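As structure tokens, the structure follows; a few thoughts come after it.
Bear in mind that the values in this text are calculations on the coordinates, not laboratory data. Not measured: the values here are computed from a predicted model. Backbone-built Cβ (ideal geometry, glycine too); neighbour counts: all protein chains shown.
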Amino acid sequence: MKLTVVGASPSYPNPGSPSSGYLVEEGSSLLLVDCGHGVAGKVMGLVPLAGISSILISHMHPDHYFDLVPLTYAYKSQSLPPIPLWLPPEGRSLLSRLQDVVGLPPAFFAEMFDVNEYDPEGSLSCGDIGIRFAATRHFVPGFAMRFEISGSTNRSLLFSSDTSWTEPVVRLAHRASVGLVEAALESGASQDDRQGHMTPREAAGLARQAEVCRLLITHYPRESSEALLAEARSVFGGNVALAEEGKVYEI
Ligand SMILES: [Zn+2]
Ligand SMILES: [Zn+2]
């Protein structure tokens, strides 16, 4: 299984860089996970759109799905057949309201995507990749995801989405080969912010408790990257890196 980081910016873009977006690939299955601002243009420079087999959105915050709008226009321009778009529960009505509010035509998304909502209590199979979920602790309903090769539990990728420390995500991350874990907060963040995100220390603590093999910190402000890497290392040990835009990771 391969992970390509499309964007690792937090809710605001690191200069020139997209927010949340990742490609997860195994066999003939290529998933685009999240589509935050800047992702549509970036992903088109990494893979042909026709190669993407499904899109999954972890939660309905702008930095995780707003670029579905330009991405849909790109699909239309290439006359591509519809592919599954998996949203969290209630995501479909939210996307429909966005469509109305910003003046997009009716069925704008539905013409290009087979729009579905995943059941976070169950599992999802997207070709060669199986996905399980855990509820995050965030400001809106959101879901961490664990990606595994269908029929195998040898290699796995945990994506935390946006969350503060929460037991269900720790359990979902248990012994994952790679943990792609958010650290949107700096150490001195306010208590309010701490209800929905993690500092590098907390992200590393979650990964360590879950016995994750390798930690990739994501959703981070680039201006403090050296300090946050050092902070994460102080808790997790050596096998930690910052998720780098455009880089491919073997899981
Ligand atoms: Zn976010
Ligand atoms: Zn969020």
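What to note about this one:
- Scanning the stretch 240-251 for residues that are part of a loop (DSSP other than H, G, I, E, B), surrounded by fewer than 19 Cβ atoms within 10 Å (Cβ to Cβ) and touching a helix residue (DSSP H, G or I) at 6+ places or on another chain (Cβ under 9 Å) turns up just one, Gly246.
- Meets criteria (surrounded by 22 or more Cβ atoms within 10 Å (Cβ to Cβ), closer than 26 Å to Gly16 by Cα and out of contact with any Lys or Arg (no Cβ under 6 Å at 6 or more places or on another chain)) for Leu71: yes
- Within the stretch 136-173, the set of residues being closer than 18 Å to Met1 by Cβ and among the acidic types (Asp, Glu) comprises Glu148 only.
- Qualifying residue in the stretch 8-15 (condition: more than 16 Å from the chain's Cα centre (by Cα), within 15 Å of ligand 1 (Cβ to nearest atom), assigned to a loop (DSSP other than H, G, I, E, B) and more than 19 Å from Pro88 (Cα to Cα)): yes
- Which numbered condition Thr163 misses (of (1) polar (S, T, N, Q); (2) out of contact with any strand residue (DSSP E or B) (no Cβ under 6 Å at 6 or more places or on another chain); (3) more than 16 Å from ligand 1 (Cβ to nearest atom)): (3)
- The stretch 188-237, residues that are free of Cβ contacts under 8 Å to residues at least 60 places away in the same chain, within 15 Å of ligand 1 (Cβ to nearest atom) and either in a helix (DSSP H, G or I) or at positive phi (or both): Asp193, Arg194, Gln195, Ala203
- One residue alone among Ser54, Ser20, Ser28, Ser58 is under 18 Å from Gly130 (Cβ atoms) and within 16 Å of ligand 1 (Cβ to nearest atom), and that residue is Ser58.
- Filtered residue count, the stretch 43-65, keeping only those that are over 14 Å from the mean Cα position of the chain (by Cα) and surrounded by 19 or more Cβ atoms within 10 Å (Cβ to Cβ): 1
- Residue check for Arg137: among the basic types (Lys, Arg) and either within 16 Å of ligand 2 (Cβ to nearest atom) or in contact with a Cys (Cβ under 8 Å, 6 or more places away or on another chain) (or both): yes
- Count of the stretch 61-81 residues which are under 29 Å from Thr136 (Cα atoms) and away from ligand 2 (no atom under 16 Å from the Cβ): 4
- Counting the residues of the stretch 151-187 that are among the hydroxyl-bearing types (Ser, Thr, Tyr) and without any contact (Cβ under 8 Å) to a residue 40 or more places away in the chain gives 5.
- Selection within the stretch 150-166 - away from ligand 2 (no atom under 14 Å from the Cβ) and more than 18 Å from Val235 (Cα to Cα): Ser150, Gly151, Ser152, Thr153, Asn154, Arg155, Ser156, Leu157, Leu158
- The helices (runs of 4 or more DSSP H) found entirely in the stretch 47-142 that carry 1 or more residues being touching a helix residue (DSSP H, G or I) at 6+ places or on another chain (Cβ under 6 Å) are 68-77.
- Scanning the stretch 6-60 for residues that are more than 14 Å from ligand 2 (Cβ to nearest atom), of a type in the set (Val, Ile, Thr) and in contact with a Gly (Cβ under 7 Å, 6 or more places away or on another chain) returns Val6, Val39, Val43.
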